[in-house]
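Here the structure is laid out as structure tokens; the discussion comes afterwards.
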Amino acid sequence: MPLAPGIAGLQRRLLVPLLLALLFTVAISVVVNQRSAGDAALEQDQRLLRLLPLMSGSVVKSPTARRPDNEGPTPNLDDPRAGILVLLAPPLVEFLEGAQEAAGYGVLNALGERLSGDAWLPVVLPSSNEPEFQSLEHSGMTYRLVAQRVQTDAGEVVVMLAAATDGRQRWLQNVLERVLLPNLLLFFVAAGLLLWGVNRALRPLMELRQAVENRSPRDLSPIEVRSAPLEVRPLVEALNRLFDLVNAQTQAQRRFVADAAHQLRTPLAGVQAQVEAWAQAARQLDGRDAVSLPVDQVRRLRDAARRTSQLANQLLALSRTDTLRLDDQPPEQIDLEAMCEDVLAQQLDAAAAKSIDIGLQTVPTQTRGQGWLLRELLINLVDNAIKYTPAGGRVTIRCGADSPRQVWLEVEDNGPGIAPSERGRVLQRFYRVPGTQGEGNGLGLAIADGIARAHGTQLQFDVGSGGVGLRVRVSFQSAMA
């Protein structure tokens, strides 16, 4: 499930510090390992320096050095090339033969000729009497070697000691093998576990977001607190309090509109009846008593009374639509063909007053919903078509089916139509297209759209037959689906 921006930001806030802490731990391990390698190398150098005097003391002249055939004079023992004896002290033997490390030694004369020791050691001639260190590779191993010029019974010689595993040279390999690779593996495993854990921990928040997001704007019922985590419950409780306040305010506004509209209906109906009687009397007088009963003023008063009465009825219908929750009311099976016939009969007088040809094209179709609401929807669509269609025009009411699973209602006229750029705005309350002729309050389509959305659908606008007028269709799920 994709995360919302807010959830994703919280996830980053949790993951980034944890992953940075892991990286910091790896870096600390590298530094500690490097320092340990340096300490080990220093300790190894100190050990070689401690063994170097023993190596110097182990080199003596061979007092019985003679020619192989034991003939001739005894060699000059002061000659640096004379034979020597290397009598290794026990610590040196232990160092050279230790099972845990490879080691070697070498003895050179002042000219760099090898007198004794391992042949693989290089020739090193220190420039002073101070010990000199260097690192070398042999047989795939790194050695630390120390060499020093010393005075022995055999004269001036160069003694050398070498030990494997130079910590300074191999620390990077050790870090790679013992620190970086294990910690890198640990990092990815921990990152995966952290990501899984954070997602699991944030799942209640994502479910809460989804529940709020899927709510209808009219649904202000409280959110279940017990299903939320303890840390989120104060937020849920605050939201519920906000919902209560908004719901109370909204209900108060709706009650005011509904009560005002309802209270206005009775006096407006009386006024309209009285004005209609005056208008009837004015027609009968036919101008013979214009002073006592001005016909034009009576007609204007009649039209104003009709508009005001219709506005009150529309406000009442709008208020009922706003408070509608279909989930609280069981759906009914509705015969759309019969509904179209009833609405046609109801609108015949209004159409006849403008000489509008109002017709019906239906097939037997049924859907499920609230019958009185769908009837109100159709009445508003037909009334809107009659109002804005010029005298002598045409209005057609239709119902049909696109498939066994989908049915529709449709109202078409040959009036001025609605430009595509205005089709979204005409659904706003009290909005009328600029320049529109005819009477209206800008509520008919808004009421129809609210009822359609309450039934899970919406108004669909198109141009009428022949490219003239307007066709409004509303599709529903068939009662047979």
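Here are the numbers for the structure shown:
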| read-out | value |
| --- | --- |
| The one condition in (1) at pLDDT 85 or above; (2) crowded, with 18+ Cβ neighbours inside 10 Å that Ala454 fails to fulfil | (1) |
| Hits in the range 114-138 (condition: touching a residue at least 12 places away in the same chain (Cβ under 8 Å), over 17 Å from Asp45 (Cα atoms) and of a type in the set (Gly, Ala, Ser)) | Ser116, Gly117, Ser128 |
| When residues of the range 205-229 are limited to those that are surrounded by fewer than 16 Cβ atoms within 10 Å (Cβ to Cβ), under 30 Å from Val16 (Cα atoms) and at pLDDT below 75, the one farthest from the chain's Cα centre (by Cα) | Ser227 |
| Leading residue by the ranking (modelled with the lowest pLDDT) among those in the range 409-441 that are surrounded by fewer than 16 Cβ atoms within 10 Å (Cβ to Cβ) and at positive phi | Gly438 |
| From Gly98, Gly83, Gly104, residue being at pLDDT 85 or above and more than 60 Å from the chain's Cα centre (by Cα) | Gly104 |
| Filter result (within 60 Å of the chain's Cα centre (by Cα) and under 15 Å from Leu52 (Cα atoms)) within the range 134-160 | Gln134, Arg144 |
| Checking Ala110 against (1) touching a strand residue (DSSP E or B) at 6+ places or on another chain (Cβ under 7 Å); (2) surrounded by 14 or more Cβ atoms within 10 Å (Cβ to Cβ); (3) of a type in the set (Gly, Ala, Ser); (4) modelled with pLDDT of 80 or more, the condition it does not meet | (2) |
| Unmet criterion (only one of (1) more than 46 Å from the chain's Cα centre (by Cα); (2) within 19 Å of Leu445 (Cα to Cα); (3) free of Cβ contacts under 8 Å to residues at least 24 places away in the same chain) for Trp372 | (1) |
| Scan of the range 338-359 for residues that are of a type outside the set (A, V, I, L, M, F, W, C), farther than 13 Å from Glu410 by Cα and not in a helix (DSSP H, G or I), ordered by number | Lys354, Ser355, Asp357 |
| Close pairs from the range 336-361: first in the same structural domain as Gln406 (by TED's automatic domain parsing) and farther than 19 Å from Ala401 by Cβ, partner among the β-branched types (Val, Ile, Thr) and assigned to a strand (DSSP E or B), Cβ under 6 Å, at least 6 apart | Leu344/Ile397; Ala351/Ile358; Ile356/Val395; Ile358/Val395; Gly359/Thr396 |
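Yes/no per residue for (1) crowded, with 18+ Cβ neighbours inside 10 Å; (2) assigned to a helix (DSSP H, G or I):
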{"site": "Pro330", "(1), (2)": "no, no"}
{"site": "Gln361", "(1), (2)": "no, no"}
{"site": "Pro364", "(1), (2)": "no, no"}
{"site": "Leu374", "(1), (2)": "yes, yes"}
{"site": "Ile397", "(1), (2)": "yes, no"}
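The values are calculated or read from the model by the stated rules, or taken from the named source; none is laboratory data. What you are looking at is a predicted structure, and each value in this text was computed from that prediction instead of being measured. A quick note on method: Cβ atoms are made from the backbone with ideal geometry, for glycine too, and the neighbour counts reach across all protein chains shown.
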